[in-house]
Structure formats: structure tokens, C-alpha cells
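One structure below.
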Amino acid sequence: MSSAVEGEAVTAAGAAHKRWMREAIRAAREAELAGEVPVGTCVVVDDEVVAIAGNRTRTDCDPTAHAEIVALREAAQRVGNYRLASATVYSTIEPCAMCAGALIQARVPRLVYGAKDDRAGAVDSHFGICNSNQLNHRVAVVSGILESECRELMQEFFRTRRTDEG
Ligand code: ZN
């Protein structure tokens with residue numbers, strides 16, 4: 001492959017990543033309107049969205065209802081398989097230990113996320129769950145897609161909350 005073609009392929013992949021990340025960001029904004037922490041996830045199979053979700057922990061009174069979990073459940077139902085072996089999962093924020101674990105359970109081959117979560121991220125910040133010798137599956141990870149937009153959503157949310165709480 002010539003470097004020019006390779007360059008185009010990389011650009012095309014980057015454009016697709018941004019396109020799907022925008023869908024995840026939209027879901028994060030909707031979650032925020034419902035009083036949730038603004039995290040959104042979009043699951044794509046064969047260039048089509050099969051699930052899109054924001055956080056629902058307060059709405060559903062469910063500690064496991066993170067955007068990734070809600071979207072993975074919906075995607076599995078949609079494709080009729082609990083293994084999502086050809087899915088790419090787009091998440092605005094680096095997944096936590098529970099959600100990274102769910103990606104392993106679902107055998108998701110690719111994760112694309114926007115901004116790191118220094119506190120709870122379990123992919124690059126802590127634990128390295130998506131690339132662990134002790135687990136039977138690895139997830140290829142792309143990070144930093146629309147990073148500042150994804151991070152600002154979270155920072156804005158927590159800043160507003162702190163101000164509200166005085
Ligand atoms: Zn999570």
C-alpha cells in the first residue's frame with residue numbers, strides 16, 4: 001500500500017470515528033438534560049448504529065445503567081447475539097471497570113473513546129482491562145476522538161453541580 005492510500009484510509013477512519021462520536025455526544029447531552037452524568041455511547045456494526053444510549057443510573061435507579069452497559073444490552077438485543085464480535089463501541093469517556101469488563105464479556109473488538117477519566121477509567125488510566133494477560137479477550141482501543149468536546153461536557157456538568165451545591 002502506498003503511503004498516500006494509507007493516509008487516505010487513516011483520514012477516512014478518523015472521519016468515521018468523529019461521525020459516530022458525535023452521536024455518542026448527542027446521547028451524552030440528552031442524558032445531561034435528564035439529570036444524568038453526561039456520558040454517551042454509540043454501538044456501530046457494519047457502518048450502522050445498532051444502539052445508542054446515555055447514562056441512566058438515576059433515571060432507572062440502577063447502579064449498572066452506565067451508557068456503555070445500556071447500549072451493549074440494546075445492541076445485543078438488536079443483533080440477536082450476546083457476543084458483539086463485529087461491533088465498534090464509541091464512548092465519550094474512558095469506560096470504568098464495570099463497563100470495560102462488559103466489553104470483554106461481549107467480545108467487542110474495538111473501543112473508541114473521547115476523553116480519559118483519570119479517576120475511574122479502567123482502560124488506560126487504571127487496570128488496563130482492555131489489554132490484560134489475565135483476561136481471555138482483548139479490545140483494540142482508539143482514544144482522543146473529539147476529546148476536548150467530550151471532556152468539556154463532563155467538566156461543565158461537575159462545575160455547574162458544584163455551583164448549585166454552593
Ligand atoms: Zn461504566
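Among the helices (runs of 4 or more DSSP H) confined to region 1-107, the ones with at least 3 residues that are surrounded by 24 or more Cβ atoms within 10 Å (Cβ to Cβ) are located at 3-33, 67-79, 97-105. Number of residues in region 73-82 that are in contact with a strand residue (DSSP E or B) (Cβ under 7 Å, 6 or more places away or on another chain) and closer than 13 Å to THR41 by Cβ equals 2.
Residue count for region 75-112 under the criterion of being more than 10 Å from the ligand (Cβ to nearest atom) and under 19 Å from GLU36 (Cα atoms): the result is 2.
With the condition kept exactly as written, say whether any residue in region 121-133 is under 12 Å from the mean Cα position of the chain (by Cα), touching a residue at least 12 places away in the same chain (Cβ under 8 Å) and in a helix (DSSP H, G or I). No, the conditions are met nowhere in region 121-133.
In region 123-136, what residues are of a type outside the set (S, T, N, Q) and either buried (at least 21 other Cβ atoms within 10 Å of the Cβ) or more than 14 Å from the ligand (Cβ to nearest atom) (or both)?
The answer is VAL123, ASP124, GLY128, ILE129, CYS130, LEU135.
Each value in this text was obtained by applying a stated rule to the coordinates, not by laboratory testing. Everything numeric here is computed off the predicted structure, so don't read it as measured data. Please note: Cβ atoms are built from the backbone with ideal geometry, for glycine as well, and neighbour counts cover all protein chains shown.
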